[in-house]
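Asks: The following block contains the structure, expressed as structure tokens.
The values are calculated or read from the model by the stated rules, or taken from the named source; none is laboratory data. Here the structure is a predicted model, which is why all the values come from computation and not from measurement. A quick note on method: Cβ atoms are made from the backbone with ideal geometry, for glycine too, and the neighbour counts reach across all protein chains shown. Each accessible area value is taken on the protein alone, full model and side chains, heavy atoms only, with ligands, DNA and RNA left out. Shrake-Rupley method; radii C 1.70, N 1.55, O 1.52, S 1.80 Å.
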Amino acid sequence: MGMAQQAAPAVATPPDPGARPADGRTRERPLVVRLLARPEVGVFLGAAAVFVFFLIAAPSLRQGGSMATVLYQASTIGIMALPVALLMIGGEFDLSAGVAVITSALTAAMLSYQLTLNIWTGVIVALVVSVGIGAFNGWVLVRTGLPSFLVTLGTFMILQGVNLAVTKMVTGNVATDDISTMDGFEQARALFASSFDVGGVQVKITVVWWLVFAALATWVLLRTKYGNWIFAVGGNKESARAVGVPVTFTKITLFMLVGFGAWFVGMHQLFSFNTVQSGEGVGQELIYIAAAVIGGCLLTGGYGSAIGPVFGAFMFGMVQQGIVYAGWNPDWFKAFLGVMLLGAVLINLWVQRTATRR
């Protein structure tokens, strides 16, 4: 007697919730690739390589005092590189940043000295002037639609001429008078240009301010609505405007932040040397931009970080002082900077392609 055979019921195996899709288009990229796609990782590796190289090539850099000098040089670049980097992430850049530093210092020095005022009066007026220059750059940019290259190049030339002409007219010289005996000088110097002891090594206060500003800029970029606006206007300002981002406000305030940075560095220079040469500052704007680019900020905007320019400025300080401590011809400094900049641009190009690859 034959027995009817019943087919075994098909049992559907539930999908493994931890399994990744087999489609290569959605496959997660390797961890190394994802890390290298971060804007600050590449420059961190580069800074570490430069650091090790000069520790070997220049043994005197291993001393605490030498490293404090490197950090000081890096901080004077890095404080300005931070707002310049934020501006570049927002899709613009400022060619007047270098001479704006000197404009700020000249304003504070001449106003206080010529009118015999407390030095803090000059400091506050210089802040208003510096932020006002940034606001002017931003206003002209958004009102005319001209590229920031042209707008800030014009401002650069105006400030360069005004710095020299006004200083000669007021003081009869190309430099300001010594302000070290004026009321409020010591208090202002303590804030902008003092030093403190760490294990027997004198460290400049600008190093502390540099790190504080870097932490603040990182928080703004990653944790605030304003940081989202910066990335949005740098990526595509029309799309940003369409979703309600205040493009005009964001761009103008970014230029004002550059003005604030110029004021702070200008005050440091003034209270470090007690006087200011009116012709200085030319070319420094390229150093600030280069530090931001080396730090991972794309020239096209919409990409970058605040930590990257910190390492970029550190590389500048390390190369600038490392060449001296190694006993090499300092004329090679610009060549080193050119190599670093070109390398950073090539790395940024690879990062941009990696970040957008699907």
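Asks: Among the residues of segment 175-193, which ones are surrounded by 14 or more Cβ atoms within 10 Å (Cβ to Cβ), part of a loop (DSSP other than H, G, I, E, B) and of a type outside the set (Asp, Glu)?
Replies: Thr176, Ile179, Met182, Gly184, Ala193
Asks: Please go through segment 218-246 and give me each residue that is part of a helix (DSSP H, G or I) and surrounded by fewer than 14 Cβ atoms within 10 Å (Cβ to Cβ), ordered by number.
Replies: Trp219, Leu222, Arg223, Lys225, Glu238, Ser239, Ala242, listed by residue number.
Asks: Let me ask you something else. What's the total number of residues in segment 264-300 that are within 25 Å of Val339 (Cβ to Cβ) and not polar (S, T, N, Q)?
Replies: Total meeting the criteria: 18.
Asks: Let me ask you something else. Out of all the residues in segment 154-165, is one or more touching a residue at least 40 places away in the same chain (Cβ under 8 Å) and more than 13 Å from Thr103 (Cβ to Cβ)?
Replies: No: zero hits.
Asks: Run down Phe249, Phe271, Phe255, Phe264 and say which single residue is out of contact with any Cys (no Cβ under 8 Å at 6 or more places or on another chain) and closer than 16 Å to Gly301 by Cα.
Replies: Going through Phe249, Phe271, Phe255, Phe264 in turn, just one is out of contact with any Cys (no Cβ under 8 Å at 6 or more places or on another chain) and closer than 16 Å to Gly301 by Cα: Phe255.
Asks: Let me ask you something else. Of everything in segment 208-219, what is of a type in the set (Val, Ile, Thr) and more than 14 Å from the chain's Cα centre (by Cα)? Give them in sequence order.
Replies: Result: Val208, single match.
Asks: What residue, of Leu257, Leu286, Leu299, is open to solvent by 10 Å² or more (accessible area, probe 1.4 Å), of a type outside the set (Ser, Thr, Tyr) and not in a helix (DSSP H, G or I)?
Replies: Leu299
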